[in-house]
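Comments concern the structure below.
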Amino acid sequence: MTLLAIGAGIAVLTGIGAGLSIGIATGKAAEAVARQPEAESKISKLLLLGCALAEATAIYGFVVAVLIIFMLK
């Protein structure tokens, strides 16, 4: 039972990577807009796409953690 909890905890750690990557990407996008304000629309589109992909990995980790807890019980 404790190994299930450890496995679920490790699976949820994907949220840390997603949070860090979204934060770094947002900072870089803000720098890019500050340097080239005319490219703001292109930069924001790419930022939103990248953030969505990064957040998807966190959601996958959460789903795996829930599956570990409820399916292997």
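Laboratory data are not the source of any read-out in this text; all were calculated from the coordinates shown. The model shown is predicted, which means the values in this text are computed figures rather than measured ones. In this analysis, Cβ positions are derived from the backbone assuming ideal geometry, glycine residues included, and neighbour counts consider all displayed protein chains.
Points worth noting:
- Were the residues from V66 through K28 laid out at 0.36 nm apart, the gain over their Cα-Cα distance would be 10.4 nm.
- Sequence-distant lysines (8 or more away, or on other chains) whose Cα lies within less than 27 Å of K28: K42, K45
- Stretching K45 away from T57 to a fully extended chain increases their span by 2.4 nm, per 0.36 nm per residue minus the current alpha-carbon distance.
- Modelled spin-label separation between E38 and I10, with each label point placed 7 Å from Cα along the Cα-to-Cβ direction: 5.2 nm.
- Under the convention that each Lys and Arg Cβ holds +1 and each Asp and Glu Cβ holds -1, the size of the dipole of the chain around its Cα centre is about 120 debye.
- Global form of region 2-71, assessed from the alpha-carbon gyration tensor, a/c cut-off 1.5: prolate
- Counting neighbouring beta carbons within 10 Å and listing from fewest to most, the residues T14, T2 come out as T2, T14.
- Nearest-ten-degree value, helix 40-71 long axis tilted from longest Cα axis of the chain: 0 degrees
- Nearest 10 degrees, 0 to 90: helix 14-35 Cα axis against the chain principal axis: 0 degrees
- The angle between the Cα long axis of helix 2-12 and the main principal axis of the chain comes to about 10°, on a 0 to 90 degree scale.
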